[in-house]
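A.B. asks: One structure follows; several queries about it will come next.
The values are calculated or read from the model by the stated rules, or taken from the named source; none is laboratory data. Note that the coordinates shown come from a computational prediction; the quantities given were computed from them, not determined experimentally. All Cβ positions, glycine included, derive from the backbone under ideal geometry; neighbour counts span all protein chains shown.
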Amino acid sequence: MKIKVIGLDIAKNVFQVHGVDERGHAVLKKKLKRAQLATFFSNLPPCLVGIEACASSHYWGRKLQEFGHTVRLMAPKFVRPYVKANKTDAADAAAICEAVGRPDMRFVAIKSIESQALLSLHRSRQGFMRARVAQSNQIRGLLGEFGIIIPQGAWNIEPRLPGILEDPENGLPGDFRQLLLQLIEHVRYLHEQEKLLEAQIKRWHESNEASSRIAEIPGIGPITASALVASIGDVGAFKNGRQLAAWLGLVPKQHSSGGKPFLLGISKRGDTYLRSLLTHGARSVIRCARLKPGYAQSWLGRLLARRHQNIAVCALANHNARVIWALLKHNRHYKADYAAEAA
């Protein structure tokens, strides 16, 4: 029995393995506990292993590579069409085994442990930001119940709250004033934790050559550059810049038929966090570009003259994604006048 391809359905505790030989005949169907998985694959001859890109998939991808196996991660939506019957662990493993052998299948690059650690900082920082905004909105809502209205924006809470607490005429009970003090201290704590994580990300950015080169592009700073480098991993997985832009969800969706192309809005697929960083950076570039001489004759100025600003933002974010691919692929530094030099 020579196993050529294995489909591995991973979970927290129970794993399902489906293996086929060179002719595609199923020769292995096995359920394993978590403690048995590493031992099983370490005793198995090297083969192609397919895994869905989900929780802990990058960890198991690196682990199986250490045993000499070739590991391919796939998006779950690309595996689903190969499930022949009802959804079970065995059916999922068989579908993964079949999908990983398709010549046109798209694979997800396995992230290194350093990239995963950096992205954990990004996700934690984003969580602190959301919690801080949510806590600020709660303070605003509680004060609104007592007839005290604070303008929207988390930055309006902390400067105005001391005056509200010291005002004896607003009729706030003492217990409620103490509650507000506790809540604003929690907001400050969340903000401090956010800044600490941001400082760690910036230190990593300064020590990484690829991230520093990406940050030379207008509208991309240390946060965006470090998140892109850690998420993209091997830029060779993308054939061109358009594929990277499509991976980020910055290209139009298509609904074409009968030889008639029909483009919709941007697809918004891929990583929402990366796409939001690129679009916010593009907005800042557009805001500053309007103050520069020669703006009306530039590509961005001509685009804004005939299209809505939001369309220009997506176009600039798409353009930056393609520039990022070129810089990483060819190991270059950003040049604002590169097109003119090439001409």
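A.B. asks: Which residues, counting only those in the stretch 184-209, are hydrophobic (A, V, I, L, M, F, W, C) and crowded, with 17+ Cβ neighbours inside 10 Å?
C.D. replies: ILE184, VAL187, LEU190, LEU197, ILE201, TRP204
A.B. asks: Of the residues that make up the stretch 305-318, is at least one within 20 Å of the chain's Cα centre (by Cα) and either farther than 16 Å from ALA246 by Cβ or not assigned by TED's automatic domain parsing to the domain that holds LEU228 (or both)?
C.D. replies: Checking the stretch 305-318: at least one residue is within 20 Å of the chain's Cα centre (by Cα) and either farther than 16 Å from ALA246 by Cβ or not assigned by TED's automatic domain parsing to the domain that holds LEU228 (or both).
A.B. asks: Return the total of residues in the stretch 212-234 being in a helix (DSSP H, G or I) and either farther than 16 Å from HIS122 by Cα or not assigned by TED's automatic domain parsing to the domain that holds ARG322 (or both).
C.D. replies: 3
A.B. asks: Next question. Scan the stretch 287-304 and tell me whether some residue there is crowded, with 19+ Cβ neighbours inside 10 Å and in contact (Cβ under 8 Å) with a residue 60 or more places away in the chain.
C.D. replies: No, there is no match, as no residue in the stretch 287-304 is crowded, with 19+ Cβ neighbours inside 10 Å and in contact (Cβ under 8 Å) with a residue 60 or more places away in the chain.
A.B. asks: While we're on this one: Can you find, within the stretch 8-47, the residue that is farthest from the chain's Cα centre (by Cα) among those that are in a strand (DSSP E or B) and within 18 Å of GLY68 (Cβ to Cβ)?
C.D. replies: LEU28
A.B. asks: Just a yes or no: is a residue in the stretch 235-254 in a helix (DSSP H, G or I), outside the structural domain of HIS122 (by TED's automatic domain parsing), out of contact with any Phe, Trp or Tyr (no Cβ under 9 Å at 6 or more places or on another chain) and among the aromatic types (Phe, Trp, Tyr)?
C.D. replies: no
A.B. asks: A follow-up question, please. So how many residues does the stretch 125-148 have that are farther than 22 Å from LEU197 by Cα and either among the acidic types (Asp, Glu) or not in a loop (DSSP other than H, G, I, E, B) (or both)?
C.D. replies: Residues in the stretch 125-148 being farther than 22 Å from LEU197 by Cα and either among the acidic types (Asp, Glu) or not in a loop (DSSP other than H, G, I, E, B) (or both): 9 in total.
A.B. asks: Moving to a separate point now. Using the structure shown, decide if ALA95 is more than 27 Å from the chain's Cα centre (by Cα) and farther than 22 Å from GLY270 by Cβ.
C.D. replies: no
A.B. asks: Now for a separate question. Name the pairs whose Cβ atoms lie under 7 Å apart, with the first residue in the stretch 121-132 and more than 16 Å from ARG188 (Cα to Cα), the second surrounded by fewer than 17 Cβ atoms within 10 Å (Cβ to Cβ) and among the aliphatic types (A, V, I, L, M), and 6 or more positions between them or separate chains?
C.D. replies: Matching pairs, first to second residue: none at all.
A.B. asks: So which of ASP92, ASP9, ASP104 is buried (at least 17 other Cβ atoms within 10 Å of the Cβ), among the acidic types (Asp, Glu) and out of contact with any helix residue (DSSP H, G or I) (no Cβ under 7 Å at 6 or more places or on another chain)?
C.D. replies: ASP92
A.B. asks: Okay, moving on. Which one of ALA215, ALA154 is of a type in the set (A, V, I, L, M) and at pLDDT 90 or above?
C.D. replies: Every option except ALA215 fails the conditions.
A.B. asks: Sticking with this structure for a sec: Specify the residue that is surrounded by the most Cβ atoms within 10 Å (Cβ to Cβ); the eligible residues are those in the stretch 217-244 that are touching a Lys or Arg at 6+ places or on another chain (Cβ under 6 Å) and within 25 Å of ASP104 (Cα to Cα).
C.D. replies: GLY241
To keep it simple, each residue is scored yes or no on (1) in contact with a Phe, Trp or Tyr (Cβ under 9 Å, 6 or more places away or on another chain); (2) of a type in the set (A, V, I, L, M, F, W, C); (3) in a helix (DSSP H, G or I); (4) assigned by TED's automatic domain parsing to the domain that holds HIS191.
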site	(1), (2), (3), (4)
ILE150	no, yes, no, yes
GLU158	no, no, yes, yes
ILE164	no, yes, yes, yes
GLY171	yes, no, no, yes
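A.B. asks: Another question about this same structure. Quick check on my filter: what residues within the stretch 57-108 are part of a helix (DSSP H, G or I), without any contact (Cβ under 8 Å) to a residue 24 or more places away in the chain and among the charged types (D, E, K, R)?
C.D. replies: Of everything in the stretch 57-108, those that are part of a helix (DSSP H, G or I), without any contact (Cβ under 8 Å) to a residue 24 or more places away in the chain and among the charged types (D, E, K, R) turn out to be GLU66, LYS77, ARG80.
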